[in-house]
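Read-outs throughout are calculated quantities, based only on the coordinates presented, and are distinct from any laboratory measurement. Owing to the predicted nature of the structure, the values given are computational and were not obtained by experimental measurement. Neighbour counts are summed over all protein chains in view; Cβ atoms, including those assigned to glycine, are modelled from backbone coordinates with ideal geometry.
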Amino acid sequence: MTHDLSTERFPEGFAWGTATASYQIEGAVHEDGRLPSVWDTFAHTPGKVFRNQTGDVAADHYHRWPEDVSLLADLGVTHYRFSLAWPRIQPEGYGPVNGAGVDFYSRLVDSLLDHGITPWVTLYHWDLPQPLEDAGGWPRRETAEKFAEYAALIHQRLGDRVRDWTTLNEPWCAAFLGYASGHHAPGRTDGAAAMRAAHHLMLGHGLAVEALRDQGAANLGLTVNLYPVDAATDRDADRDAARRIDGLMNRLFLDPVLRGTYPADVLKDVAEITGTEHVRDGDLATISAPLDFLGVNYYSRHVVRAGAPQPGPSHWVGSSDVEFVKRGVPETEMGWEIDPDGLYETLTRLAREYGPLPLYVTENGAAFPDEVTREGRVHDENRRRYLEEHFRAAHRAIADGADLRGYFVWTLLDNFEWAHGYSKRFGLVHVDFETQVRTLKDSGRWFSEITRANAL
Ligand code: PNW
């Protein structure tokens, strides 16, 4: 299906939003019964995060949420994607609901609805309750079952007002940064454990979808982070490196959900590291239960070549030899090359290879080192241009058949950027972490024109 779009209009009813994650913005880690997640433990372990910074206070959203909802209203968004902190809702990861924790999200949802903003809830954005990690974490099958119980419990409390649910954010990061390279919490460095974690994350997704469908949930999806992967040269070895990275990054998550199979070539690549004993009969049927949409987080492209295997932990399980090549194009502060065509390729590839499926860009954005001027402005033309180029790429993808229904900018507020602490600023709103003063950046002002016009 192709849409008849004039050059700058988006389809009628297109969702425009911003996205956030609980641990990155909330702070208030000890309040109202919340217990530690793996990210509290990790951030408080010396040497894991830039300058040993933590999410203890973050952007203090737990206390400042009314102001943040006003900012969303200023931005003119139709939707707001945020995640729930599992350790607020079930502090130990199992057992009864913590009412005070649920109340926080319940008030937030009510306020969003009062402002005409649709709440778009992510159930898991990496803050696993620490007791579940102590019991084995995602490499252990029971964690998937616990996740589905949590999903069912919170849906009972919010499902009367929240219609749109995403199970997991970026299972690739949770599995491979968390358990293989150890760059993210819980910081384990065991490739076999990471492969089991990947499967149990997908199983948790499937079990949660089953549980929410039983309760009549309307709009269910999964968010994955995807990259086009190119070989640096036509050499066979480099093309094979591209196949392997595409396998681990993209197909290992897309195929089970959208095709009900694991990519055979990836299982073969990792066979010496781990078998498939942890994949039980029926798991893939659970994982591939039909979805209402796929969420795509897009930041950059990978260009790779084969090299020599590297000693030490790698998040590329079985492919530590692969080298990531820079092409010399402009980068964001993360060192990620700016590549809007990659978003077009990602969205059209999904439509072409995985069939018709409603898509949402659930994250896209850029880190740049922003400063507030004496006049109280943040002139972030680089971020504005980054967003405009990516919006244009998305628009082209729609014109060429991708069923893209919405776009969430990462992110509303400058926040705790995981292992980079507060050193990377992705927000449309600047946060002074000394005073917690919020300042709408120029990119945010510009975005508010886009959301209102539904056009570029
Ligand atoms: C995503 N990588 O994380 C997350 O969903 C956000 O919480 C995060 O703030 C945002 O992107 C910006 O980083 C990623 O190393 C973290 O490839 C790391 C990677 C990709 C995504």
Show which lysines lie in cross-link reach of LYS48 when reach means a straight Cα distance below 19 angstrom and same-chain residues fewer than eight apart are skipped.
LYS424
If you average the sequence gap of Cα pairs under 8 Å that are 6 or more apart and divide by the length of the stretch 15-453, what percent do you get for the contact order?
17 percent
Once the principal axes of the Cα atoms of the stretch 373-453 are found, what is the range along each, listed largest first in whole angstroms?
46, 31, 19
Quick one: what Rg and Dmax do you get for the stretch 175-308 from the alpha carbons, in Å?
15.8, 52
With θ set to phi - 60°, apply the Karplus curve 6.51 cos²θ - 1.76 cosθ + 1.60 along the stretch 122-134 and write out the HN-Hα couplings as whole Hz, x wherever there is a Gly or Pro.
9, 6, 9, 10, 5, 8, 5, x, 4, x, 6, 5, 4
Working from the pairwise distances between different alpha carbons, so that the mean of 1/r is found and then inverted, what is the stretch 270-330's Kirkwood radius in Å?
15.6 Å
Below 16 Å, Cα to Cα, which aspartates and glutamates can LYS146 reach? Residues fewer than 8 away in the same chain don't count.
GLU92, ASP127, GLU133, ASP134, GLU210, ASP283
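By the scheme Lys and Arg +1, Asp and Glu -1, what is the net charge of all other residues having a beta-carbon under 13 Å from that of GLY33?
Numbers: positive: ARG34, ARG88; negative: GLU31, ASP32, GLU92, ASP103.
Computed value for this residue: -2.
Work through the residues other than ALA211 whose Cβ is under 13 Å from its Cβ and net out their charges, Lys, Arg +1 and Asp, Glu -1. It would help to have the intermediate numbers written out before the result.
Details: positive: LYS146, ARG213; negative: GLU145, GLU149, GLU210, ASP214.
Taking every Cβ under 13 Å from that of ALA211, the sum is -2.
Just to check, using Stokes-Einstein with a Kirkwood Rh over alpha carbon pairs, what's the diffusion coefficient of the stretch 379-424 at 10 °C and 1.306 mPa s in µm²/s?
Working: Rh = 12.7 Å.
It diffuses with D of about 125 µm²/s by this estimate.
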5 Å is the cut-off here: which amide hydrogens, built 1.01 Å from N in the peptide plane, fall below it relative to ASN297, excluding neighbours closer than 5 in sequence?
VAL224, ASN225, LEU226, THR362, GLU363
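Rounded to the nearest 5, what % of the DSSP beta bridges within the stretch 204-354 are antiparallel ones?
Of those bridges, close to 35 percent are antiparallel.
Using Cβ contacts closer than 10 Å as the measure, can you line up HIS63, HIS302 from fewest to most? Walk me through the intermediate numbers first.
On the way: HIS63 14, HIS302 21.
In order of increasing Cβ crowding within 10 Å: HIS63, HIS302.
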Give the long-range amide H neighbours of THR118: residues separated by 5 or more places, or on another chain, with amide H under 5 Å away, using H modelled in the peptide plane at 1.01 Å from N.
HIS79, TYR80
If you plug each phi of the stretch 150-158 into the Karplus form 6.51 cos²θ - 1.76 cosθ + 1.60 with θ = phi - 60°, what whole-Hz ³J(HN,Hα) values come out, in order, with x for Gly and Pro?
4, 4, 5, 4, 6, 5, 4, 8, 10
Restricting to aspartates and glutamates and to Cα separations under 17 Å from LYS268, and discarding same-chain partners fewer than 8 apart, the set is ASP240, ASP246, ASP255, GLU277, ASP321
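How large is the direction-averaged shadow of the alpha-carbon convex hull of the stretch 303-350, in nm²? Can you show the working numbers first?
On the way: hull surface 18.9 nm².
Mean shadow area of the hull around the Cα atoms is 4.7 nm².
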All alpha-carbon distances of the chain, grouped into 20 Å bins from 0, give the whole-percent distribution 26, 62, 12, 0
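Quick check on the chain: helices-only [θ] at 222 nm, where DSSP H runs of length 4 and up contribute -39,500 (n - 2.57) each and the sum goes over total residues. Nearest 500, please.
-11000 deg cm²/dmol
Under 10 °C and 1.306 mPa s, how fast does the stretch 17-66 diffuse according to Stokes-Einstein, given a Kirkwood radius computed over C-alpha pairs? Answer in µm²/s, whole number.
Details: Rh = 11.5 Å.
Roughly 138 µm²/s, to the nearest whole number.
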In whole Hz and in residue order, list the ³J(HN,Hα) couplings for the stretch 34-45 that follow from phi through the Karplus curve 6.51 cos²θ - 1.76 cosθ + 1.60, θ = phi - 60°; x for Gly and Pro.
5, 10, x, 9, 4, 6, 5, 4, 5, 5, 8, 8
Diffusion constant of the stretch 1-140 at 25 °C, which comes from Stokes-Einstein with the Kirkwood Cα-pair radius and 0.890 mPa s, µm²/s:
147 µm²/s
Among GLU323, GLU333, which comes first, then next, by fewest other beta-carbon atoms within 10 Å?
GLU323, GLU333
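I'd like to compare 14-22, 93-101, 182-190: which one has the highest average count of other Cβ atoms within 10 Å, and what's the full order after that? Please list the in-between numbers first.
Working: 14-22: 24.7, 93-101: 15.8, 182-190: 20.1.
With the highest mean Cβ count within 10 Å placed first, the list reads 14-22, 182-190, 93-101.
Quick check on the chain: of the DSSP beta bridges with both residues there, what percent are antiparallel, nearest 5%? Write out the running numbers ahead of the final one.
Values: 9 of 46 bridges.
Of the beta bridges lying entirely in the chain, close to 20 percent run antiparallel.
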